[in-house]
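So the structure is just underneath, and the comments pick up after that.
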Amino acid sequence: MNLRQLLAALALALCCPPALAAWNIASLMGELARNPGGRAVFTEKKYIALLDRPVVSSGEMRYVAPDYLEKRTLAPKPDYLLLDKDQITVERGKHKFTLRLAEQPEILAFAASIRGTLSGDRAALERNYALHLSGTRDSWTLNLSPSNPRIAELVTRITIGGKRDQVLSVEYLQADGDRAVMTIAPIPGQ
């Protein structure tokens, strides 16, 4: 290598981040942890074996880091779900119930998959799931495979897709073969 090639290589190395800053689970969790939250609209399709067509619902979500997630379904029927610290509240029609997550380990693990991802809490995710990341910073997919046998009885895999610090899709594949796919669109400026 001559001096000119060496200088060109050095200039290139100085102007470009090393290997474009390796994209891995730690990088993703760091990006997600810096996101304070916001509002989004969602569309969810539930594919149920007994039905010919998916059940489609839509509504709004609000997340405040690290442990507040509100999901308000507006169509086809109003439905409300709130994960707030160690409680989950569900309202359907005139029925409302609240549970402490610590008393429901399966629900806690499910909630941890959502909030752990949104808040970039890798330790919370790894308590019940094996993590596998693919893609790039601008188009990533995080697969959560249950490592807890009790969770594996309910969920085969959770696949979360996104861009940078935003979660844009969540797919739940249940052990019985049913699945739900949610697409999420952040509301700008929220």
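Projecting the Cα atoms of Leu50, Ala152, Leu118 onto the dipole axis of the chain, where Lys and Arg carry +1 and Asp and Glu carry -1 at the beta carbon, places Leu118 farthest toward the positive end.
The stretch between Glu103 and Ala26 holds 24.7 nm of extra length on full extension. This uses 0.36 nm per residue minus the Cα-Cα distance. Available extension along the chain between Gln166 and Ser145 is 5.5 nm, counting 0.36 nm per residue and deducting the alpha carbon span.
Comparing Ala33, Ala112, Ala102 in a Gaussian network model of the chain where C-alpha atoms under 10 Å apart are linked, the largest mean-square fluctuation is found at Ala102. For a paramagnetic label modelled on Ile48 (point 7 Å from Cα along Cα→Cβ), amide N atoms under 18 Å away belong, within the stretch 74-116, to 74-81, 91-95. Note on the chain: GNM, Cα springs under 10 Å; of Asp67, Asp86, Asp165, the largest mean-square fluctuation is that of Asp86.
Applied to the stretch 33-48, the Karplus parametrisation 6.51 cos²θ - 1.76 cosθ + 1.60 on θ = phi - 60° returns per-residue 3J(HN,Hα) values of 5, 7, 7, x, x, x, 10, 8, 9, 9, 10, 10, 10, 9, 9, 10 Hz, with x for Gly and Pro. The count of lysine pairs in the stretch 45-190 with alpha-carbon distances below 20 Å, taking only pairs 8 or more places apart or on different chains, stands at 10.
Which one of Leu133, Leu82, Leu99 has the biggest mean-square fluctuation once the chain is modelled by GNM with Cα springs under 10 Å? Ranking Leu133, Leu82, Leu99 by mean-square fluctuation puts Leu99 first.
Of His132, His95, the residue with the largest accessible area leads and the full order is His95, His132 (1.4 Å probe).
Roughly how tilted is helix 105-119, in degrees to the nearest 10 and between 0 and 90, from the longest Cα axis of the chain? Long axis of 105-119 versus the principal axis of the chain: about 40 degrees. Calculated on the alpha-carbon coordinates, the convex hull of the stretch 23-186 measures out at 111 cubic angstrom per residue.
If the chain linking Ala185 and Lys85 were pulled fully straight, counting 0.36 nm for each residue of separation and taking away their Cα-Cα distance, it would gain 33.6 nm. Estimated purely from DSSP H runs of n ≥ 4, each contributing -39500 (n - 2.57), the mean residue ellipticity at 222 nm for the chain is -7000 deg cm²/dmol once divided by its residues.
The values are calculated or read from the model by the stated rules, or taken from the named source; none is laboratory data. Since we're looking at a predicted model, the values are computed, not measured. For neighbour counting, all protein chains shown are included, and Cβ atoms are generated from backbone atoms with ideal geometry for every residue, glycine included. Areas reflect the complete protein model, heavy atoms only, side chains present, ligands, DNA and RNA absent. Shrake-Rupley method; radii C 1.70, N 1.55, O 1.52, S 1.80 Å.
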